[in-house]
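To keep things clear, I will list the structure first and then write my remarks on it.
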Amino acid sequence: MAVCLITASYTFDFVIDRESYWSTNLFASLFTVSKLMGIVLLLVVVMLWTPLRSLLQLKPFVALGKISFSLYLTHGPIVIGMLFLLGPGKRTTIVQIVLSLAVAVAFYYLVEKGAHRLSRHVAQRIRAEDRSVLAA
């Protein structure tokens, strides 16, 4: 049910012409509310249904969660670029998925982990400076 709500709202959002009557603020709000309801329902199901929670705790899903932000950042240009280069089709979709995952893993290790280390270092320096100012 949750996945259906989310998928349907994104599908309708994508299909509807932005200049049409259907793209008014009311309908845009309804699509947003249905997405949020679907996401909340999905989270509740994951929290309460042990088999699904156990499934999502498997290593492949945990790894996908780790690289999810990198995947979010990098998949767009890859999807569009491959569509432009290869045209629509099943082969293109497979290439888009594999390449998006590979680039996201590389981005995670080369950029995101370094950014996390840098942010922790900066936070430690700020805390240390705050303590020294408070002590003075």
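The values are calculated or read from the model by the stated rules, or taken from the named source; none is laboratory data. Note that this is a predicted model, so its numbers are computed, not measured. All Cβ positions, even for glycine, are placed from backbone atoms using ideal geometry, and neighbour counts span all protein chains on display. Just so you know, the surface numbers come from the protein's heavy atoms only, side chains and all, with ligands and any DNA or RNA stripped out. Shrake-Rupley method; radii C 1.70, N 1.55, O 1.52, S 1.80 Å.
Our estimate of slack between Glu129 and Leu56, defined as 0.36 nm per intervening residue step minus the Cα-Cα distance, is 22.2 nm.
What number comes out for accessible area per residue over region 45-113 if the probe is 1.4 Å? Units Å², please. Per-residue accessible area for region 45-113 comes out at 74 Å². Site pair Thr93 and Val44 shows an inter-label distance of 3.1 nm when each label is modelled 7 Å from Cα along Cα→Cβ. Potential lengthening of the chain between Val33 and Leu110 amounts to 24.1 nm, from the contour at 0.36 nm per residue minus the alpha-carbon distance. Computed from the C-beta positions of Val122 and Lys66 and an R0 of 22 Å, the FRET efficiency is 0.50 to the nearest 0.05.
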